[in-house]
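The values are calculated or read from the model by the stated rules, or taken from the named source; none is laboratory data. None of the values given here were measured: they were computed from a predicted structure. Glycine gets a Cβ as well: all are built from the backbone with ideal geometry, and neighbour counts include every protein chain shown.
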Amino acid sequence: MLDFKDYIAEKAIIAEKGKDDKAAFKKFYDKTLAKFGVKSPSELDDAKKKKFFDAIDAGWESDDEEAGIEEDDNKSFFDKSDDDEEEERKDNK
């Protein structure tokens with residue numbers, strides 16, 4: 001069991017890592033914007049905007065992806081759509 005000092009130290013390390021990740025992502029995001037020659041994705045037409053976000057998705061691995069967590073795993077019961085519920089009912093039959 002962690003004592004209070006160890007717990008606080010562990011939380012500080014996690015918080016610092018989060019700051020580093022945010023800064024690294026911002027740098028990557030800004031660099032990708034520069035490659036597309038814009039300061040904001042809103043300056044892009046729909047086709048180029050899709051390419052921009054595809055480039056972001058392909059070039060950046062989030063902490064969840066590193067941990068092997070799929071987007072659908074993060075869906076809570078309340079986030080499920082009617083289609084998801086219908087699909088589950090079909091699977092359970």
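Points worth noting:
- When segment 43-63 is filtered for residues that are assigned to a helix (DSSP H, G or I) and over 19 Å from Ala24 (Cα atoms), the ones remaining, listed by number, are Glu43, Asp46, Ala47, Lys48, Lys49, Lys50, Lys51.
- Number of the condition not met by Lys80 [criteria: (1) loosely packed, with under 10 Cβ neighbours inside 10 Å; (2) modelled with pLDDT under 65]: (1)
- Within segment 18-42, being in a helix (DSSP H, G or I) and aromatic (Phe, Trp, Tyr) holds for Phe25, Phe28, Tyr29.
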